[in-house]
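A.B. asks: Starting off with a structure, shown below.
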Amino acid sequence: MLKKLMKHELKATARILIPLCLVLLFISVINRFLYHAGSKEGIFLFVSGLMFILQFFLVIAVLAATVIFMIMRFYKNLLSDEGYLMFTLPVKSHHLIISKLIVTLLWVVVSIIAIIASLLITFAATDDISIVMNAINSALAELKAYFGGNWVLVWIELISLTLLSAIANILLVYVSIAVGHLFTKHKIICSFVSYVIFYNAIQLLMLIVLVTFSYFHSGSINFAHMLPQEFFPVIIIVLLLECVAFYWTTNFIFNRKLNLE
Amino acid sequence: MNPILECKSLTKKYGSFTALSNVSLTLDRGKIIGLLGPNGSGKTTLIKLINGLLVPESGSILISGMEPGVETKKIVSYLPEKTYLADWMQVSQVVEFFEDFYENFDSKKAYEMLSDLRIDPKKRLKTLSKGTKEKVQLILVMSRKADLYCLDEPIGGVDPAARDYILNTIITNYNENATVLISTHLISDIEKVLDEVIFIKDGAITLHSSVDDIRLKEGKSVDSLFREVFRC
């Protein structure tokens, strides 16, 4: 049933996000020719200026659409009138959460790839790109040195860190909406307030954990001196605990406290 | 065979408001039952509890011997009083959605009913009127071969001509072992199809009887009995 839920979730989101990404890539190709074209004066300058602004706004639109879909699909599809259908399907409530989480994660990856591709298409083989690539390479080399030249470990930790923080952020939105739903009035404002409270609580928790860890590790509470190979695992564990807590709470609310309007 | 629905001292509160208090109810298979009561009497709350959309404070619900969950959702077909379909979808996409999730859904039957009511399957739901959307939902719900149908105000928003078609659909479409629970306050329209009635008032069941018994004992129709019992 999870597969079917994901299939329908993809259908509901792809109808907007795919065309948006395609338009972005199309404009990027046009802009590549404009960028590499020689003459830059008069009406041509005006038009190419407009096209670059359009590309910029499309990049913003792709990011915004991904975030808006994450929120709207969860709120509208599960906790508004559409919830009457979703919660009476013969599926487990945690499949409803996971299907939305995986599809959102997929769109986050797709939109980031689309944006990077857009920039590469337009500006590749220019000096700017090589500067960026050099910076990334040297940062990675530095990281590798910290990890004693262990590439595998660097990548495992970097990927889990990125993935877990993306998941934790999505689940934070979900749990805030679910908690806001518990209130009888002003559900949307309550969701927003929950988000702000949870977000700050998590920041504080992360700070306390890092300070404590740093103190026991090096006798100083200044965790800024900690090295990546020391604090990466700590952050990974904290993120993992966050994910479990947010997921469990959302599922608990769906199972025991659901009260659709 | 166990009863299709068994509620034992069911209580549901919203904050300090008690929506259902100590409701015990058993429904047999193969009956069309009217759940009748004024607005705010607890009809929708009871139906939502049966469908697992709410969890009771105390008491128990068994549907065909099972607590509400994935297994009961397979055999209960529920029509809420809301329009619960996403409005960007085409009617045919919604049919496909139901086909995907419900093993007992018969899409052929759904398309037959859609054409009877002259609803174009290619239309998006947002282009349909409220009454037409309600017809689409009822068609979807009645196209399932379920054991229990819970219809919450199924005829409230549709015109009288379609009302007759819908009532006809309800009585001709369900199999003899299925039970249909219809909540409504439009009693005179549906009285002729009912086998049993349940009167509910302020979260408590005040009467559960067969329609024949009411006519025999009270010598009046369900509609006039309802007006008498719930006189303001």
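Laboratory data are not the source of any read-out in this text; all were calculated from the coordinates shown. These numbers were taken from a predicted model, which means no experiment stands behind them. With ideal geometry, Cβ positions are generated from the backbone for all residues, glycine too; neighbour counts draw on all protein chains shown.
A.B. asks: Is the shape of segment A:94-247 best called rounded, prolate or oblate, per the rule: a/c under 1.5 gives rounded, else a/b larger than b/c gives prolate, else oblate, with a ≥ b ≥ c the square roots of the Cα gyration tensor eigenvalues? Walk me through the intermediate numbers first.
C.D. replies: On the way: a/c = 2.27, a/b = 1.23, b/c = 1.84.
Verdict is oblate for segment A:94-247.
A.B. asks: Once you have a ≥ b ≥ c as the square roots of the Cα gyration tensor eigenvalues for segment B:21-80, tell me rounded if a/c is under 1.5, and otherwise prolate or oblate according to whether a/b is larger than b/c.
C.D. replies: Details: a/c = 1.45, a/b = 1.20, b/c = 1.21.
Because its axes are fairly even, with a/c under 1.5, segment B:21-80 counts as rounded.
A.B. asks: May I pose another question? When only alpha-carbon atoms are used, what values of Rg and Dmax, in angstrom, describe chain A?
C.D. replies: 22.3, 66
A.B. asks: Give the angle, between 0 and 90 degrees and rounded to the nearest 10, that separates the Cα long axis of helix B:91-101 from the longest principal axis of the Cα atoms of chain B.
C.D. replies: 60 degrees
A.B. asks: At what distance in angstrom do the alpha carbon centres of segment B:153-232 and segment B:1-44 lie from each other?
C.D. replies: Using only Cα atoms to place each centre, the spacing works out to 15 Å.
A.B. asks: For B:Lys201, enumerate residues with amide H under 5 Å from its amide H, sequence gap 5+ or separate chain, H modeled in the peptide plane.
C.D. replies: Those lying under 5 Å, H to H, from B:Lys201 are B:Thr206.
A.B. asks: Using 0.36 nm per residue, how much length does the chain from A:Ile237 to A:His186 gain when fully extended, once their Cα-Cα distance is taken away? Walk me through the intermediate numbers first.
C.D. replies: Working: separation 51, 0.36 × 51 = 18.36 nm, distance 3.46 nm.
That works out to 14.9 nm of additional length.
A.B. asks: Continuing with the same structure: Along the Cα-to-Cβ line of A:Leu163, 7 Å from the Cα, sits a label point; which residues in segment A:1-41 have backbone N less than 19 Å from it?
C.D. replies: Label zone hits: A:3.
A.B. asks: Continuing with the same structure: Tell me, Kirkwood radius of the protein assembly as shown from alpha-carbon pair distances, in Å?
C.D. replies: Values: mean 1/r = 0.0376 Å⁻¹.
After inverting the mean inverse Cα-Cα distance, the result is 26.6 Å.
A.B. asks: Here is a follow-up. Between the helical axis of B:160-173 and the dominant principal axis of chain B, each derived from Cα atoms, what acute angle in degrees is found, rounded to the nearest 10?
C.D. replies: Its long axis makes an angle of about 80 degrees.
A.B. asks: With r as the distance between the Cβ atoms of A:Asn150 and A:Ile16 and R0 = 45 Å, compute the FRET efficiency 1/(1 + (r/R0)^6) and round to 0.05.
C.D. replies: The calculated FRET efficiency here is 0.60.
A.B. asks: At a Cα cut-off below 19 Å, give the aspartates and glutamates reachable from B:Lys13, other chains included and same-chain residues fewer than 8 away excluded.
C.D. replies: Within reach: A:Glu261, B:Glu57, B:Asp202.
A.B. asks: Could you tell me how many degrees, from 0 to 90 and to the nearest 10, lie between the Cα long axis of helix B:130-142 and the main elongation axis, the longest principal axis, of the Cα atoms of chain B?
C.D. replies: Between the helix axis and the principal axis of chain B, the angle is about 80 degrees.
A.B. asks: Starting at the first residue of segment A:163-177, write each ³J(HN,Hα) from the Karplus equation 6.51 cos²θ - 1.76 cosθ + 1.60 with θ = phi - 60°, in whole Hz, x for Gly and Pro.
C.D. replies: 4, 5, 6, 5, 4, 4, 5, 5, 5, 5, 5, 4, 5, 5, 5
A.B. asks: In addition: Counting DSSP beta bridges in the protein assembly as shown, what percent are antiparallel, to the nearest 5?
C.D. replies: Numbers: 21 of 39 bridges.
Taking every DSSP beta bridge with both residues in the protein assembly as shown, the antiparallel ones total about 55 percent.
A.B. asks: Shifting gears a bit: Add -39500 (n - 2.57) for each DSSP H run of 4 or more in chain A, then divide by its residues: what number comes out at 222 nm, to the nearest 500 deg cm²/dmol? Please report the intermediate quantities before stating the final value.
C.D. replies: On the way: 8 runs with 215 residues, N = 261.
Per the formula, -29500 deg cm²/dmol.
A.B. asks: Set the Förster radius R0 to 60 Å, insert the Cβ-Cβ distance between B:Lys126 and A:Ser220 as r into 1/(1 + (r/R0)^6), and round the FRET efficiency to 0.05. Intermediate values should be presented prior to the final figure.
C.D. replies: Numbers: r = 61 Å, r/R0 = 1.02.
Calculated value: 0.45.
A.B. asks: Given the -39500 (n - 2.57) contribution per DSSP H run of 4+ residues, what per-residue ellipticity at 222 nm results for chain B, rounded to the nearest 500 deg cm²/dmol? Provide the component values of the computation, followed by the final result.
C.D. replies: Values: 9 runs with 82 residues, N = 232.
Helix contribution divided over all residues of chain B: -10000 deg cm²/dmol.
A.B. asks: To the nearest Å, what is the center-to-center distance of segment A:143-198 and segment B:83-150, using C-alpha atoms only?
C.D. replies: 38 Å
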